[in-house]
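A short write-up of the structure that comes next.
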Amino acid sequence: MLKFASARLGLTPSPLSPLMKKTLVGHNGGTFGFSTELAFDLKQHRALVVLANCRNDDVVTQLTALLKEQSPMPPDTVVLSAELGDPFVGQYYAGEGRIRSVRREVGRWLLQEWGQGSCELFPLSQTNFYNQLFDCRASFLSDNNTGRARDLVVGGWHGARLSDQILPPSASPLTDHDCQPRPDSDLQGVWQAKLRLWYWPFASSRLNVRIAELSPGAFRAEGDSPDQGVQGEPLGIVYSRPNVQVFLLAQDGSFQGKLNPARTKVTGHWKQAGYNIHVTFRRVQPLPVPRAEVSPEPRRSTLDPDRGYYGEAPARLRWGYGRERAIGDATPPIPPNRRTTVRAAGNSVHCTRGSPPRGCYALKAGGWSDRTGAKSQTPEYPGS
């Protein structure tokens, strides 16, 4: 490749040099996983050869800008503090277009389209940025109430700010364990749908979407289309109950729908290549039923004329002439025909079949009586 470039520049004699000067101005190519680029600077007699083990044409093409020997910073760049620039940091989406993100790294503002290289933005004012090397101009429209950026305009591309952050794709694929349904997650699990193909309405294509909620509101997702040979397509999820948005991160396409109250299906429309297709995603595995909290067995006590008052639960005794007032708790066990002191009251209680002795209050199988027998009630105790 270098010999070819040298011959094109006339540095190496070749019988093809006159013909190449008339026809060849540059060339590029690529295949799955690889890209190449050949560019010339004829005035300076320089050439650039790029051999890359990636299929990202945009990254390779941007390297040709190095031949311009031009600074990306425009001469009228202004200084913008982090306090004024941070409200623009976020992710933006427009229709079927890809997601673009704006981030700040060590005082630099970088614009990146998903799956593409980053482009540094230089502030011309508080809301306008520019990179003269790549002729990239970006403007932000702010929300008057919050002061945060609401929209991003890059050339003819106009994107709205996403409410939540979409996690970037991970190098490791999602596993079945990562996507096990959980009662506390509305979306985690495996979802399936059949997509009617716009170019052949009598055929359909299966779609499988795996979603894992790593933390509240932070999702990782991948999509498969077995009928089209697609596996592990990275997806972005934005969820605000019941609204669900799914984005293709590596190409154009999106889905918007609503989750039903039972959290078993999402119904909406898939938009791609100018088509709007009705789709319903359904859960493959049902949501687990939350385990019901088992209440402990209540403590029970029994009043028996032969055994007395025994068990675990105390009896709350109430008595009085005219107006009832609480005496206290009779704590078991109270053997038959014995006197015990009622807790926190200083009075006595006596288990007996008949009337209690003077100065005592008796627990009887049918209730309790005061010492004069003027009043009789059933004691408040959990009996069996």
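The values are calculated or read from the model by the stated rules, or taken from the named source; none is laboratory data. What you are looking at is a predicted structure, and each value in this text was computed from that prediction instead of being measured. Every residue, glycine among them, receives a Cβ derived from its backbone with ideal geometry; neighbour counts consider all protein chains shown.
Results, tabulated for the structure shown:
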item: Residue selected from segment 7-26 under the condition among the aliphatic types (A, V, I, L, M) and exposed (fewer than 13 other Cβ atoms within 10 Å of the Cβ), by the criterion nearest to the chain's Cα centre (by Cα); result: V25
item: When residues of segment 78-95 are limited to those that are in a strand (DSSP E or B) and among the hydroxyl-bearing types (S, T, Y), the one surrounded by the most Cβ atoms within 10 Å (Cβ to Cβ); result: Y92
item: Within segment 250-281, considering residues that are touching a Leu at 6+ places or on another chain (Cβ under 9 Å) and charged (D, E, K, R), the one surrounded by the most Cβ atoms within 10 Å (Cβ to Cβ); result: R263
item: Residue under evaluation R98, criteria (1) in a strand (DSSP E or B); (2) under 23 Å from the mean Cα position of the chain (by Cα), criterion not met; result: (1)
item: Qualifying residue in segment 228-235 (condition: farther than 24 Å from W114 by Cα, surrounded by fewer than 17 Cβ atoms within 10 Å (Cβ to Cβ), of a type in the set (A, V, I, L, M, F, W, C) and out of contact with any Pro (no Cβ under 9 Å at 6 or more places or on another chain)); result: no
item: Residue match in segment 130-146 (condition: without any contact (Cβ under 8 Å) to a residue 12 or more places away in the chain, closer than 30 Å to G274 by Cβ and surrounded by 15 or more Cβ atoms within 10 Å (Cβ to Cβ)); result: no
item: Residues located in segment 5-33, provided they are touching a residue at least 24 places away in the same chain (Cβ under 8 Å) and not in a strand (DSSP E or B); result: A5, S6, R8, L9, G10, L11
item: Entirely in segment 203-270, the strands (runs of 3 or more DSSP E) that have 2 or more residues that are within 28 Å of D184 (Cβ to Cβ), over 18 Å from the mean Cα position of the chain (by Cα) and modelled with pLDDT under 90; result: none
item: Residues of segment 86-129 satisfying the condition of being in contact (Cβ under 8 Å) with a residue 40 or more places away in the chain, among the aromatic types (F, W, Y) and more than 24 Å from Q245 (Cβ to Cβ); result: F122
item: Listing of strands (runs of 3 or more DSSP E) fully contained in segment 114-200 that carry 3 or more residues being modelled with pLDDT of 85 or more, small (G, A, S) and within 22 Å of A82 (Cβ to Cβ); result: 136-142
